[in-house]
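Visitor: A single structure is presented below for examination.
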Amino acid sequence: MEKTDIRFPKKEWSVAVRINHWCMVSFIMMLVITGIYIAKPFTYLSGETYYKFLMGNTRFVHILFGVGLVLIFIWRVYLMFFSRFHADFKDFFAFTDIKNTIAQIKFYLLVSNKPAEHKYLYGPLQSLAYGGLMIMLFAMCLTGVILMGPAHSAGLTGFVYKLVKPLENIMGGLAVVRVIHHILTWGFILFGFVHLYMAFWYDCVFQEGTVSSMIAGLLFKKKKH
Amino acid sequence: MGRQKDKSYQSTVSRQYRQLMEQCKINLDKMEQELPPPRDDLKDTLKERGVSRRDFLKWASLTTSALMLPPMFKPLVARAAENFSRLPVVWLHFAECTGCSEALLRSTYPNVDDILLDTISLEYHETIMAAAGYQAEACLEKALHDFPGKFICVVEGAIPMGLDGHYLTLGPKGKTGLEVAKEVTSKAAVTICIGSCSCFGNVPAAKPNPTDCLGVGDALGIKTINIAGCPPNPVNFVGTLLHYLMFGALPPCDSLGRPVWAYGKRIHDYCERRPHYDAGEYVEEWGDDGAKKGWCLYKMGCKGPYTFANCAKVRFNAGVSWPVMAGHGCIGCTEPAFWDSMAPLEKPIAEKNVIGGEVTVDKAGAALLGVTLAGMAAHGVISAIKGHKPENHD
């Protein structure tokens with residue numbers, strides 16, 4: 001071998017962000033699966049009614065993970081501003097660098113070989129997608145809390161429901177909130193597939209270990225940083 | 001539940017109820033002095049209609065509990081009912097189908113609610129009044145003159161705002177609905193909106209809303225009590241009036257102006273088919289085995305989970321039945337803009353057509369997902385063939 005491809009590890013993701021990421025993955029998957037059952041349930045035929053509690057249990061799991069997602073989302077927003085490793089709220093606006101964004105689109109469309117400069121933690125289109133995900137998460141948590149409210153009128157849920165009730169009225173009632181919740185689910189499904197594909201594509205094209213970076217936290221760069 | 005066993009909590013609650021009862025008595029005394037004497041003696045009326053004293057007392061306990069008051073208020077509810085026909089009422093009709101009046105006034109086996117509504121002192125009601133033309137107009141003017149600030153204005157129907165309100169003109173003088181509503185509600189003690197049309201616009205205001213209809217509260221910018229429903233339950237209307245008679249004030253309302261005692265919980269929360277919902281037993285099509293067994297109508301488009309009303313508790317037609325009991329899902333008629341937001345009425349809300357035509361959210365989502373997957377596959381294959389690599393990348 002004439003040329004040795006020496007790589008230098010660079011810490012990309014803090015432990016908190018990595019844990020947060022995998023929590024979000026598992027919670028969103030669980031929520032999408034239970035959510036699809038709640039939206040389009042099938043009839044559970046065998047046995048007597050009083051033995052069965054399929055929808056009840058599914059809704060319990062959905063609400064449990066939903067409240068969990070709200071907490072994870074709050075945690076992620078906290079990290080966005082106050083992470084001791086890298087507070088990344090500015091990186092969500094990487095797409096505002098238009099020149100860079102156009103270069104990245106060309107690179108993604110396989111037209112040019114020059115990717116966008118690595119100025120921010122996220123690439124321009126990546127920042128757009130993740131920013132969109134944050135907005136979707138916020139809308140999803142909000143509509144979810146509104147939908148949970150009327151059935152759980154005691155305790156913290158009851159208190160939060162009083163706060164979000166005006167938003168329910170602005171949106172036009174629970175039915176509209178429910179439709180928004182349903183549409184956003186498709187947004188998450190689409191985001192999941194594209195995100196997964198882009199992670200693997202990046203790993204293959206840049207060969208820096210993008211996929212493993214979300215587990216070990218390290219990217220392997222050609223130059224020493 | 002631990003709080004209920006707390007003695008100091010209980011004594012505070014009962015003291016508050018006693019105070020409320022004192023207030024109620026004072027208010028009823030005042031009402032009896034101020035308002036004209038009852039037109040009919042309720043005892044005689046009930047006797048004529050074949051309602052026994054026992055039935056009346058049963059009704060009084062039911063209404064007391066429906067108003068979320070403790071049983072000691074029963075005598076006061078009965079007393080308020082005896083004074084029911086003292087209350088002068090002006091009933092206005094705007095853009096609507098008169099279905100609410102029909103629902104309240106027609107009944108084969110009238111119970112006490114219906115009888116009370118029959119004895120109500122209606123000063124003006126376009127559908128059932130004998131007077132017509134200028135005579136009818138004179139009735140309205142007399143009522144406004146005789147009971148300024150005392151009468152209750154009941155509004156049925158939305159107010160068209162388009163063409164400066166000229167989509168709706170009433171009476172021999174050709175006044176617009178907007179003018180009449182402004183004139184009458186400004187002199188009324190309270191404005192009660194009966195039916196979803198006057199509350200939120202409902203069918204007259206459904207998309208594309210050609211006459212620019214609005215609910216009375218929105219159209220006039222006043223605070224109204226909204227007895228929503230299409231049609232609403234007579235119990236909710238009578239209960240609200242009784243509350244007004246007893247306490248001299250209208251009951252507490254939710255953020256959409258609906259009395260909390262009637263519209264505080266969802267159809268879904270009180271539904272008798274709810275156990276089947278939680279068990280996962282759904283009617284899959286009209287008349288199947290599930291329908292015969294009375295399973296949940298969620299998949300047949302029941303909008304109970306999104307609708308605040310007490311239909312399941314008080315039912316319709318003298319407590320005989322209500323839509324879900326009869327085998328059709330709730331259509332959500334107590335909610336604002338239900339005609340648009342609850343559509344499709346016989347399919348679950350997840351199958352709403354948001355883009356237009358027959359395209360549901362799920363079909364659009366699946367199509368988008370298919371396109372994305374195909375695009376990703378093509379992109380991956382081409383990247384591999386081209387050997388796509390970044391240049392001069394750090």
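Visitor: Please average, across the residues of A:41-54, the number of beta carbons from any other chain that are within 10 Å of each residue's own beta carbon, and give a whole number. List each step's numbers first, then the result.
Guide: Working: counts 8, 4, 13, 4, 4, 0, 2, 1, 8, 2, 1, 6, 4, 4.
Mean inter-chain Cβ contacts per residue within 10 Å come to 4.
Visitor: Within the set of other residues whose C-beta is less than 14 Å from the C-beta of B:Lys182, count the net charge using Lys and Arg as +1 and Asp and Glu as -1.
Guide: Working: positive: B:Lys175, B:Lys187; negative: B:Asp164, B:Glu179, B:Glu183, B:Asp218.
Summing Lys/Arg as +1 and Asp/Glu as -1 gives -2.
Visitor: Can you give the three extents of the C-alpha atoms in the range A:121-225 along their principal axes, from longest to shortest, in whole Å?
Guide: 56, 26, 19
Visitor: Listing B:Glu281, B:Glu351, B:Glu335 from the residue with the fewest other Cβ atoms within 10 Å to the one with the most, what is the order? Can you show the working numbers first?
Guide: Working: B:Glu281 24, B:Glu351 17, B:Glu335 28.
Ordered from fewest to most neighbouring Cβ atoms within 10 Å, B:Glu281, B:Glu351, B:Glu335 come out as B:Glu351, B:Glu281, B:Glu335.
Visitor: Now for a separate question. Let me have the 222 nm mean residue ellipticity of chain A computed from DSSP H runs of 4+ only, each contributing -39500 (n - 2.57), with the sum over all residues rounded to the nearest 500. It would help to have the intermediate numbers written out before the result.
Guide: Working: 7 runs with 147 residues, N = 225.
Helices in chain A give a 222 nm mean residue ellipticity of -22500 deg cm²/dmol.
Visitor: Oh, and also: Please identify every one of the trypsin sites (Lys or Arg not before Pro) in the range A:132-225 that sits in a loop by DSSP and has no more than 14 other beta carbons within 10 Å of its own beta carbon. Let's see the in-between values first.
Guide: Details: sites: A:Lys162, A:Arg178, A:Lys221, A:Lys222, A:Lys223, A:Lys224; in loops: A:Lys222, A:Lys223, A:Lys224.
Listed in order of number, the matching sites are A:Lys222, A:Lys223, A:Lys224.
Visitor: Count the net charge of all other residues whose Cβ sits under 15 Å from the Cβ of B:Tyr270, scoring Lys and Arg as +1 and Asp and Glu as -1. Before the final figure, lay out the partial values.
Guide: Details: positive: B:Lys265, B:Arg266, B:Arg273, B:Arg274, B:Lys303, B:Lys313, B:Arg315; negative: B:Asp269, B:Glu272, B:Asp278.
Once positives and negatives cancel, what remains is +4.
Visitor: For chain A, what is the relative contact order in percent, using Cα pairs closer than 8 Å and at least 6 residues apart in sequence?
Guide: On the way: 198 pairs, mean separation 64.3, N = 225.
Relative contact order here is 29 percent.
Visitor: A further question on this structure: Using only alpha carbon pairs under 8 Å that are at least six residues apart, calculate the relative contact order of chain B and give it in whole percent. Don't skip to the end; give the middle numbers.
Guide: Working: 621 pairs, mean separation 49.4, N = 394.
About 13 percent, as a whole number.
Visitor: How big is the C-alpha Rg of the range A:74-149 next to the rule-of-thumb value 2.2 N^0.38 Å, as a ratio? Mind showing how you got there, number by number?
Guide: Working: Rg = 15.5 Å, N = 76, 2.2 N^0.38 = 11.4 Å.
Ratio of Cα Rg to 2.2 N^0.38 Å: 1.36.
Visitor: How far apart, in nanometres, would the label points at B:Arg315 and A:Asn169 be if each is projected 7 angstrom from Cα along the Cα-to-Cβ direction?
Guide: For B:Arg315 paired with A:Asn169, the spin-label model returns 3.3 nm.
Visitor: Another one. On a 0 to 90 degree scale, rounded to 10, what angle separates helix A:54-82 from the longest Cα axis of chain A?
Guide: Computed tilt is about 40 degrees.
Visitor: For peptide A:168-181, how many partner chain Cβ atoms fall within 10 Å of a residue's Cβ, on average? Before the final figure, lay out each step's value.
Guide: Details: counts 2, 4, 0, 1, 6, 14, 12, 14, 9, 3, 8, 7, 1, 2.
The shielding value for this peptide is 6.
Visitor: For the range B:257-332, what are Rg and Dmax over the alpha carbons, in angstrom?
Guide: In Å, with Rg to one decimal and Dmax whole: 12.2, 41.
Visitor: Right, here's the next one. Rounded to the nearest 0.05, what FRET efficiency is calculated for A:Met134 and A:Lys114 with R0 set to 30 Å and r the Cβ-Cβ distance? List each step's numbers first, then the result.
Guide: Values: r = 29 Å, r/R0 = 0.95.
E(calc), rounded to 0.05, equals 0.55.
Visitor: Same structure again: For the range B:292-394, what number results from the quotient of the Cα radius of gyration and 2.2 N^0.38 Å?
Guide: Details: Rg = 23.9 Å, N = 103, 2.2 N^0.38 = 12.8 Å.
Its radius of gyration relative to the 2.2 N^0.38 Å reference: 1.87.
Visitor: A follow-up question, please. On a C-alpha basis, how far is the centre of the range B:24-39 from the centre of the range B:146-200 in Å? Whole number, if you could?
Guide: 27
Visitor: Continuing with the same structure: How many angstrom lie between the Cα centre of the range B:241-288 and the Cα centre of the range B:213-230?
Guide: So the separation of the two Cα centres works out to 20 Å.
Visitor: To the nearest Å, what is the center-to-center distance of the range A:10-77 and the range B:357-378, using C-alpha atoms only?
Guide: 24
Visitor: Still on this structure, I have one more. Counting C-alpha atoms alone, how compact is chain B: give Rg to one decimal and Dmax as a whole number, in angstrom.
Guide: Taking only Cα atoms of chain B, I get Rg and Dmax of 26.4, 100 Å.
Visitor: I'd like the mean, over residues of B:341-351, of how many other protein chain beta carbons sit within 10 Å of each residue's own Cβ.
Guide: On the way: counts 9, 4, 1, 0, 0, 0, 0, 5, 9, 11, 3.
Averaged over the peptide's residues, the number is 4.
Visitor: Can you tell me what the convex hull of the Cα atoms of the range A:18-119 projects to on average, as an area in nm²? Each step should come with its number before you reach the end.
Guide: Values: hull surface 41.6 nm².
Spelled out: convex hull of the Cα atoms, projected over all directions, averaged, 10.4 nm².
Visitor: Using only Cα atoms, figure out Rg for chain A and give it as a multiple of 2.2 N^0.38 Å.
Guide: Cα Rg divided by the expected 2.2 N^0.38 Å: 1.23.
Visitor: What does the charge count near A:Ser26 come to, summing +1 for each Lys or Arg and -1 for each Asp or Glu among other residues with Cβ under 15 Å from its Cβ?
Guide: On the way: positive: A:Arg18, A:Arg76; negative: none.
Neighbour charge sum, excluding A:Ser26 itself: +2.
Visitor: Using only alpha carbon pairs under 8 Å that are at least six residues apart, calculate the relative contact order of the range B:139-204 and give it in whole percent.
Guide: Working: 84 pairs, mean separation 28.5, N = 66.
Taking the mean separation of contacting Cα pairs over the length of the range B:139-204, I get 43 percent.
Visitor: Quick one: order A:Ile63, A:Ile215 by neighbouring beta-carbon count within 10 Å, fewest to most.
Guide: Working: A:Ile63 18, A:Ile215 12.
Exposure proxy ranking, most exposed first: A:Ile215, A:Ile63.
Visitor: Once both axes come from the Cα atoms, what is the angle between helix B:177-187 and the longest principal axis of chain B, in degrees from 0 to 90, rounded to 10?
Guide: For helix B:177-187, the angle is close to 50 degrees.
Visitor: Which residues in the range A:42-75 place their backbone N less than 15 Å from a point set 7 Å from the Cα of B:Lys293 along the Cα-to-Cβ direction?
Guide: Taking a point 7 Å out along Cα→Cβ of B:Lys293, the residues of the range A:42-75 whose backbone N falls under 15 Å are A:42-55.
Visitor: Can you tell me the Rg and the Dmax, both Å, for the Cα atoms in the protein assembly as shown?
Guide: 31.3, 113
Visitor: Mind pulling the angle between the C-alpha long axis of helix B:53-66 and the longest principal axis of chain B? Nearest 10 degrees, somewhere in 0 to 90.
Guide: Helix B:53-66 sits at roughly 40 degrees to that axis.
Visitor: What is the order of A:His86, B:His93, B:His379, fewest Cβ neighbours within 10 Å to most? Kindly include the intermediate steps, with their values, before the conclusion.
Guide: On the way: A:His86 14, B:His93 23, B:His379 17.
The order, fewest Cβ neighbours first, is A:His86, B:His379, B:His93.
Visitor: I need the trypsin sites (Lys or Arg not before Pro) found in the range B:48-111, filtered to DSSP loop residues with at most 11 other beta carbons within 10 Å of theirs. Walk me through the numbers on the way to the answer.
Guide: Details: sites: B:Arg49, B:Arg53, B:Arg54, B:Lys58, B:Arg79, B:Arg86, B:Arg106; in loops: B:Arg49, B:Arg106.
Sparse-neighbourhood loop trypsin sites (Lys or Arg not before Pro): B:Arg106.
Bear in mind these aren't lab numbers, they're just calculated from the coordinates by the rules spelled out. Note that the structure is predicted; figures quoted are calculated from it, not measured. Counting neighbours? That spans all protein chains shown, and the Cβs are built from the backbone with ideal geometry, glycine included.
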